[in-house]
1. Please compute one quarter of the surface area of the Cα convex hull for the chain and express it in square nanometres.
2. Tell me the accessible surface of His106 in square angstrom (1.4 angstrom probe, heavy atoms of protein chains only), to the nearest ten.
3. How large are Rg and Dmax for segment 137-296 when only the alpha carbon atoms are used, in Å?
4. Over segment 203-272, with every protein chain in place, what whole percent of the accessible area is carbon and sulfur at 1.4 Å, could you tell me?
5. Show me the ranking of peptides 206-212, 147-153 by mean Cβ neighbours inside 10 Å, starting with the highest.
6. Can you find, among Ala145, Leu37, Ala167, the residue farthest towards the positive end of the dipole of the chain? Put +1 on the C-beta of Lys and Arg, -1 on that of Asp and Glu.
7. Express in nm, to one decimal, how much length is gained between Ala242 and Lys32 on full extension, taking 0.36 nm for each residue of separation and deducting their alpha carbon distance.
8. State in Å² the accessible area per residue of segment 58-161; use a 1.4 Å probe, count heavy atoms of protein chains only, and round to the nearest integer.
Amino acid sequence: MQRLLTGIQSSGALHIGNYFGALKPFVDMYEKYESFLMVADYHALTTLREPETLRANIRNTVRDYVACGVDQKKAVIFQQSRISAHTELTWILNCLLTMPFLELAHAYKDKEARGIETNVGLFDYPVLMASDILLYDTNVVPVGADQKQHIEYTREIAAKFNAAYGATFIEPKEQILRDVAVVPGTDGKKMSKSYGNTIPLFGAKDEITKAVMSIVTDSSGESPTNVYNIHQLFKGGDELAALYKANKGNYKASKEALIEDIEAFIAPKREYRSHISDADVDAILKDGSEKARAIAETKMADVRQKIGVAF
Ligand code: AMP
Ligand code: TRP
(Lines give C-alpha, C1' and ligand atoms only; values in the text may rest on other atoms or scores of the structure.)
(Ligands and ions follow the chains in the order given, each with its own letter.)
Protein backbone atom coordinates (compact mmCIF):
# COMPACT_ATOMS: atom_id res chain seq x y z
CA MET A 1 0.00 0.00 0.00
CA GLN A 2 1.27 3.47 -0.90
CA ARG A 3 1.82 6.05 1.82
CA LEU A 4 0.14 9.44 2.04
CA LEU A 5 1.31 12.20 4.37
CA THR A 6 0.51 15.83 4.89
CA GLY A 7 0.76 18.42 7.65
CA ILE A 8 -0.47 21.83 8.64
CA GLN A 9 1.45 24.27 10.83
CA SER A 10 -0.18 24.92 14.18
CA SER A 11 0.34 28.63 13.77
CA GLY A 12 -3.27 29.84 14.02
CA ALA A 13 -6.89 29.05 13.23
CA LEU A 14 -7.42 27.02 10.06
CA HIS A 15 -8.92 28.96 7.15
CA ILE A 16 -10.90 27.77 4.18
CA GLY A 17 -7.71 27.86 2.03
CA ASN A 18 -6.12 25.22 4.27
CA TYR A 19 -9.30 23.19 4.11
CA PHE A 20 -9.83 23.15 0.34
CA GLY A 21 -6.12 23.17 -0.55
CA ALA A 22 -4.85 20.47 1.79
CA LEU A 23 -7.29 18.96 4.27
CA LYS A 24 -10.19 18.14 1.97
CA PRO A 25 -7.94 16.48 -0.65
CA PHE A 26 -6.45 14.44 2.20
CA VAL A 27 -9.89 13.46 3.54
CA ASP A 28 -11.10 12.53 0.05
CA MET A 29 -8.23 10.13 -0.61
CA TYR A 30 -6.74 8.98 2.69
CA GLU A 31 -8.63 5.71 3.03
CA LYS A 32 -6.99 4.36 -0.12
CA TYR A 33 -3.51 4.76 1.41
CA GLU A 34 -1.60 4.12 4.56
CA SER A 35 -2.08 7.66 5.80
CA PHE A 36 -0.31 10.08 8.12
CA LEU A 37 -1.56 13.49 9.21
CA MET A 38 0.87 15.64 11.13
CA VAL A 39 0.60 18.73 13.29
CA ALA A 40 3.68 20.71 12.21
CA ASP A 41 4.34 22.40 15.55
CA TYR A 42 8.09 22.85 15.06
CA HIS A 43 7.37 24.58 11.77
CA ALA A 44 4.99 26.89 13.65
CA LEU A 45 7.83 27.71 16.06
CA THR A 46 9.58 29.59 13.24
CA THR A 47 6.95 32.32 13.64
CA LEU A 48 5.29 31.81 17.03
CA ARG A 49 6.84 32.61 20.40
CA GLU A 50 3.86 32.38 22.73
CA PRO A 51 3.86 29.03 24.56
CA GLU A 52 0.18 29.10 25.57
CA THR A 53 -0.91 30.04 22.08
CA LEU A 54 1.19 27.28 20.55
CA ARG A 55 -0.18 24.73 23.01
CA ALA A 56 -3.77 25.74 22.25
CA ASN A 57 -3.09 25.75 18.49
CA ILE A 58 -1.69 22.20 18.57
CA ARG A 59 -4.85 20.87 20.20
CA ASN A 60 -7.09 22.93 17.94
CA THR A 61 -5.37 21.64 14.83
CA VAL A 62 -6.13 18.07 15.91
CA ARG A 63 -9.75 19.09 16.57
CA ASP A 64 -9.91 20.55 13.07
CA TYR A 65 -8.57 17.32 11.55
CA VAL A 66 -11.11 15.16 13.35
CA ALA A 67 -14.04 17.52 12.76
CA CYS A 68 -13.22 17.58 9.03
CA GLY A 69 -13.63 13.83 8.87
CA VAL A 70 -10.26 12.22 9.60
CA ASP A 71 -10.79 9.02 11.57
CA GLN A 72 -7.86 8.29 13.90
CA LYS A 73 -8.40 4.57 13.35
CA LYS A 74 -7.72 5.02 9.62
CA ALA A 75 -4.89 7.56 9.74
CA VAL A 76 -1.97 8.14 12.05
CA ILE A 77 -2.54 11.61 13.52
CA PHE A 78 0.65 12.79 15.18
CA GLN A 79 2.60 15.72 16.58
CA GLN A 80 5.89 16.47 14.85
CA SER A 81 7.80 17.58 17.98
CA ARG A 82 7.10 14.31 19.80
CA ILE A 83 9.26 12.43 17.35
CA SER A 84 12.83 13.63 17.71
CA ALA A 85 13.82 11.81 14.52
CA HIS A 86 12.41 14.79 12.57
CA THR A 87 14.96 17.23 13.98
CA GLU A 88 17.72 14.63 14.04
CA LEU A 89 17.30 13.82 10.35
CA THR A 90 17.13 17.54 9.59
CA TRP A 91 20.65 17.97 11.01
CA ILE A 92 22.00 15.06 9.00
CA LEU A 93 20.44 16.39 5.78
CA ASN A 94 21.70 19.92 6.56
CA CYS A 95 25.23 18.59 6.36
CA LEU A 96 24.63 17.49 2.75
CA LEU A 97 23.13 20.78 1.55
CA THR A 98 24.66 24.11 0.60
CA MET A 99 23.53 27.60 1.57
CA PRO A 100 22.90 28.67 -2.07
CA PHE A 101 20.61 25.63 -2.52
CA LEU A 102 18.36 26.79 0.34
CA GLU A 103 18.64 30.48 -0.52
CA LEU A 104 16.40 29.79 -3.52
CA ALA A 105 13.42 28.81 -1.34
CA HIS A 106 10.42 31.12 -1.97
CA ALA A 107 9.18 31.21 1.62
CA TYR A 108 12.53 32.55 2.83
CA LYS A 109 13.13 34.81 -0.18
CA ASP A 110 9.66 36.38 0.16
CA LYS A 111 10.13 37.19 3.84
CA GLU A 112 13.56 38.68 3.11
CA ALA A 113 12.09 40.74 0.28
CA ARG A 114 9.36 42.07 2.60
CA GLY A 115 12.02 43.13 5.10
CA ILE A 116 10.86 40.63 7.74
CA GLU A 117 13.68 39.37 9.97
CA THR A 118 14.35 35.73 9.18
CA ASN A 119 15.58 33.20 11.71
CA VAL A 120 17.75 30.19 10.92
CA GLY A 121 14.75 27.92 11.50
CA LEU A 122 12.85 29.64 8.73
CA PHE A 123 15.84 29.29 6.43
CA ASP A 124 15.99 25.58 7.23
CA TYR A 125 12.21 25.10 7.00
CA PRO A 126 12.32 23.07 3.75
CA VAL A 127 14.78 20.61 5.26
CA LEU A 128 12.58 19.94 8.29
CA MET A 129 9.68 19.44 5.89
CA ALA A 130 11.76 17.03 3.80
CA SER A 131 12.52 15.06 6.98
CA ASP A 132 8.79 14.93 7.83
CA ILE A 133 8.10 13.33 4.48
CA LEU A 134 11.17 11.12 3.97
CA LEU A 135 11.09 9.45 7.39
CA TYR A 136 7.85 7.69 6.48
CA ASP A 137 8.70 6.55 2.92
CA THR A 138 5.89 8.82 1.76
CA ASN A 139 4.73 8.40 -1.85
CA VAL A 140 2.13 11.17 -2.12
CA VAL A 141 1.81 14.56 -0.38
CA PRO A 142 -1.50 16.46 -0.84
CA VAL A 143 -0.84 20.22 -0.51
CA GLY A 144 -1.82 23.60 -1.93
CA ALA A 145 0.18 25.08 -4.82
CA ASP A 146 2.30 27.20 -2.47
CA GLN A 147 4.01 24.02 -1.22
CA LYS A 148 5.08 22.71 -4.63
CA GLN A 149 8.63 23.99 -4.27
CA HIS A 150 8.96 22.31 -0.88
CA ILE A 151 8.12 18.94 -2.39
CA GLU A 152 10.63 19.56 -5.17
CA TYR A 153 13.22 20.29 -2.50
CA THR A 154 12.25 17.07 -0.76
CA ARG A 155 12.87 15.05 -3.94
CA GLU A 156 16.23 16.71 -4.51
CA ILE A 157 17.28 16.18 -0.90
CA ALA A 158 16.28 12.49 -1.09
CA ALA A 159 18.27 12.09 -4.30
CA LYS A 160 21.33 13.79 -2.77
CA PHE A 161 21.26 11.48 0.26
CA ASN A 162 20.70 8.40 -1.89
CA ALA A 163 23.61 9.38 -4.15
CA ALA A 164 25.92 9.88 -1.18
CA TYR A 165 24.98 6.86 0.93
CA GLY A 166 22.98 4.45 -1.23
CA ALA A 167 19.23 3.95 -1.79
CA THR A 168 17.45 5.00 1.42
CA PHE A 169 14.64 7.46 0.71
CA ILE A 170 11.67 7.45 -1.66
CA GLU A 171 11.21 10.55 -3.83
CA PRO A 172 7.61 11.68 -3.12
CA LYS A 173 5.09 13.30 -5.47
CA GLU A 174 2.91 16.27 -4.63
CA GLN A 175 -0.83 16.07 -5.22
CA ILE A 176 -2.15 19.53 -6.07
CA LEU A 177 -5.76 19.82 -7.14
CA ARG A 178 -6.03 22.36 -9.92
CA ASP A 179 -9.32 23.96 -8.91
CA VAL A 180 -8.27 24.63 -5.33
CA ALA A 181 -4.52 25.08 -5.77
CA VAL A 182 -4.77 28.71 -4.68
CA VAL A 183 -7.89 29.66 -2.71
CA PRO A 184 -8.26 33.46 -2.85
CA GLY A 185 -8.69 35.56 0.29
CA THR A 186 -11.04 38.47 0.98
CA ASP A 187 -8.76 40.78 -1.03
CA GLY A 188 -8.52 38.43 -4.02
CA LYS A 189 -4.88 37.49 -3.28
CA LYS A 190 -3.93 34.04 -1.97
CA MET A 191 -5.70 33.41 1.33
CA SER A 192 -3.02 33.35 4.01
CA LYS A 193 -2.72 33.81 7.76
CA SER A 194 0.10 36.25 7.17
CA TYR A 195 -1.93 38.50 4.83
CA GLY A 196 -4.89 38.94 7.22
CA ASN A 197 -7.34 38.07 4.41
CA THR A 198 -8.71 34.78 5.73
CA ILE A 199 -12.16 33.34 6.29
CA PRO A 200 -11.80 31.12 9.37
CA LEU A 201 -13.04 27.59 8.78
CA PHE A 202 -14.49 27.11 12.25
CA GLY A 203 -15.23 30.76 12.99
CA ALA A 204 -18.51 31.64 14.70
CA LYS A 205 -21.21 32.84 12.32
CA ASP A 206 -20.54 36.50 13.13
CA GLU A 207 -16.81 36.07 12.35
CA ILE A 208 -17.63 34.44 9.02
CA THR A 209 -20.15 37.20 8.30
CA LYS A 210 -17.58 39.89 9.06
CA ALA A 211 -14.97 38.24 6.81
CA VAL A 212 -17.39 37.74 3.90
CA MET A 213 -18.75 41.28 4.17
CA SER A 214 -15.15 42.55 3.90
CA ILE A 215 -14.53 40.79 0.57
CA VAL A 216 -13.27 43.45 -1.82
CA THR A 217 -15.62 44.08 -4.75
CA ASP A 218 -15.18 46.34 -7.75
CA SER A 219 -17.90 48.74 -8.83
CA SER A 220 -18.54 47.55 -12.38
CA GLY A 221 -22.09 46.53 -11.44
CA GLU A 222 -21.68 43.02 -12.78
CA SER A 223 -20.78 39.95 -10.72
CA PRO A 224 -18.38 40.43 -7.80
CA THR A 225 -15.48 38.23 -8.94
CA ASN A 226 -13.84 37.82 -5.54
CA VAL A 227 -17.11 36.70 -3.94
CA TYR A 228 -17.88 34.34 -6.82
CA ASN A 229 -14.44 32.72 -6.70
CA ILE A 230 -14.85 31.83 -3.04
CA HIS A 231 -18.49 30.86 -3.50
CA GLN A 232 -17.67 28.25 -6.15
CA LEU A 233 -15.93 26.20 -3.45
CA PHE A 234 -19.29 25.75 -1.76
CA LYS A 235 -21.79 25.61 -4.63
CA GLY A 236 -21.82 23.80 -7.98
CA GLY A 237 -21.51 25.51 -11.38
CA ASP A 238 -25.05 25.82 -12.77
CA GLU A 239 -26.73 26.71 -9.52
CA LEU A 240 -24.06 29.29 -8.80
CA ALA A 241 -24.27 30.87 -12.26
CA ALA A 242 -28.04 31.19 -11.90
CA LEU A 243 -27.69 32.75 -8.47
CA TYR A 244 -25.20 35.38 -9.65
CA LYS A 245 -27.34 36.13 -12.68
CA ALA A 246 -30.34 36.73 -10.44
CA ASN A 247 -28.24 38.88 -8.09
CA LYS A 248 -26.58 40.89 -10.85
CA GLY A 249 -25.56 44.28 -9.49
CA ASN A 250 -26.60 43.34 -5.95
CA TYR A 251 -23.34 42.46 -4.24
CA LYS A 252 -24.85 42.34 -0.80
CA ALA A 253 -27.30 39.60 -1.80
CA SER A 254 -24.45 37.51 -3.22
CA LYS A 255 -22.44 37.93 -0.04
CA GLU A 256 -25.43 36.97 2.09
CA ALA A 257 -25.95 33.86 -0.02
CA LEU A 258 -22.28 32.98 0.43
CA ILE A 259 -22.56 33.37 4.22
CA GLU A 260 -25.57 31.02 4.22
CA ASP A 261 -23.74 28.43 2.15
CA ILE A 262 -20.61 28.53 4.32
CA GLU A 263 -22.77 28.30 7.42
CA ALA A 264 -24.75 25.32 6.08
CA PHE A 265 -21.49 23.57 5.29
CA ILE A 266 -19.66 24.28 8.52
CA ALA A 267 -22.39 24.29 11.19
CA PRO A 268 -22.60 20.47 11.63
CA LYS A 269 -18.80 20.17 11.68
CA ARG A 270 -18.53 23.03 14.16
CA GLU A 271 -21.09 21.35 16.40
CA TYR A 272 -19.22 18.03 16.26
CA ARG A 273 -15.92 19.81 16.92
CA SER A 274 -17.26 21.45 20.07
CA HIS A 275 -17.56 18.02 21.70
CA ILE A 276 -13.92 17.02 21.17
CA SER A 277 -12.31 17.45 24.60
CA ASP A 278 -8.66 18.10 25.48
CA ALA A 279 -8.54 14.52 26.81
CA ASP A 280 -9.77 13.18 23.45
CA VAL A 281 -7.08 15.15 21.64
CA ASP A 282 -4.34 14.06 24.03
CA ALA A 283 -5.28 10.40 23.57
CA ILE A 284 -5.24 10.75 19.78
CA LEU A 285 -1.82 12.40 19.82
CA LYS A 286 -0.35 9.88 22.25
CA ASP A 287 -1.49 6.92 20.19
CA GLY A 288 -0.63 8.43 16.79
CA SER A 289 2.76 9.70 17.88
CA GLU A 290 3.72 6.25 19.21
CA LYS A 291 2.84 4.67 15.87
CA ALA A 292 4.70 7.33 13.91
CA ARG A 293 7.73 7.08 16.20
CA ALA A 294 8.11 3.35 15.61
CA ILE A 295 8.29 3.88 11.85
CA ALA A 296 10.57 6.92 12.08
CA GLU A 297 12.97 5.14 14.45
CA THR A 298 13.34 2.18 12.10
CA LYS A 299 14.27 4.57 9.33
CA MET A 300 16.71 6.42 11.56
CA ALA A 301 18.50 3.21 12.53
CA ASP A 302 19.20 2.65 8.83
CA VAL A 303 20.28 6.28 8.35
CA ARG A 304 22.63 6.26 11.38
CA GLN A 305 24.22 3.07 10.09
CA LYS A 306 24.66 4.44 6.60
CA ILE A 307 26.24 7.76 7.62
CA GLY A 308 28.65 6.02 10.00
CA VAL A 309 27.59 6.99 13.52
CA ALA A 310 26.17 3.59 14.53
CA PHE A 311 28.34 0.54 15.15
P1 AMP B 1 -0.06 26.31 6.31
O2 AMP B 1 -1.16 27.04 6.97
O3 AMP B 1 0.92 27.23 5.65
O4 AMP B 1 0.58 25.28 7.19
O5 AMP B 1 -0.72 25.51 5.10
C6 AMP B 1 -1.30 24.25 5.25
C7 AMP B 1 -1.76 23.71 3.93
O8 AMP B 1 -2.80 24.53 3.39
C9 AMP B 1 -0.68 23.62 2.84
O10 AMP B 1 -0.86 22.44 2.09
C11 AMP B 1 -0.97 24.81 1.98
O12 AMP B 1 -0.55 24.63 0.63
C13 AMP B 1 -2.48 24.90 2.06
N14 AMP B 1 -2.93 26.25 1.81
C15 AMP B 1 -2.68 27.35 2.58
N16 AMP B 1 -3.25 28.45 2.04
C17 AMP B 1 -3.87 28.04 0.89
C18 AMP B 1 -4.64 28.71 -0.12
N19 AMP B 1 -4.90 30.01 -0.04
N20 AMP B 1 -5.09 27.97 -1.15
C21 AMP B 1 -4.84 26.63 -1.23
N22 AMP B 1 -4.14 25.95 -0.30
C23 AMP B 1 -3.65 26.63 0.74
N1 TRP C 1 5.00 23.59 5.13
C2 TRP C 1 3.65 23.16 5.14
C3 TRP C 1 2.76 24.38 5.03
O4 TRP C 1 3.07 25.44 5.45
C5 TRP C 1 3.29 22.38 6.37
C6 TRP C 1 4.08 21.11 6.44
C7 TRP C 1 5.11 20.83 7.29
C8 TRP C 1 3.91 19.97 5.60
N9 TRP C 1 5.58 19.57 7.05
C10 TRP C 1 4.88 19.00 6.03
C11 TRP C 1 3.03 19.66 4.56
C12 TRP C 1 4.99 17.77 5.41
C13 TRP C 1 3.15 18.41 3.94
C14 TRP C 1 4.14 17.47 4.36
O15 TRP C 1 1.73 24.28 4.51
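The values are calculated or read from the model by the stated rules, or taken from the named source; none is laboratory data. All figures in this text were calculated on a predicted structure; none of them were measured in a lab. Ideal geometry is used to build each Cβ from the backbone, glycine not excepted, and the neighbour counts take in all protein chains shown. Calculation scope for accessible area: heavy atoms of the full protein, side chains included, ligands and nucleic acids excluded. Shrake-Rupley method; radii C 1.70, N 1.55, O 1.52, S 1.80 Å.
1. 17.3
2. 100
3. Using the Cα atoms of segment 137-296, the pair Rg, Dmax is 20.9, 64 Å.
4. 52
5. Packing proxy ranking, top to bottom: 147-153, 206-212.
6. Ala167
7. Taking 0.36 nm per residue and subtracting the Cα distance, the gain is 72.0 nm.
8. Here the residues of segment 58-161 average 40 Å² of exposed surface.
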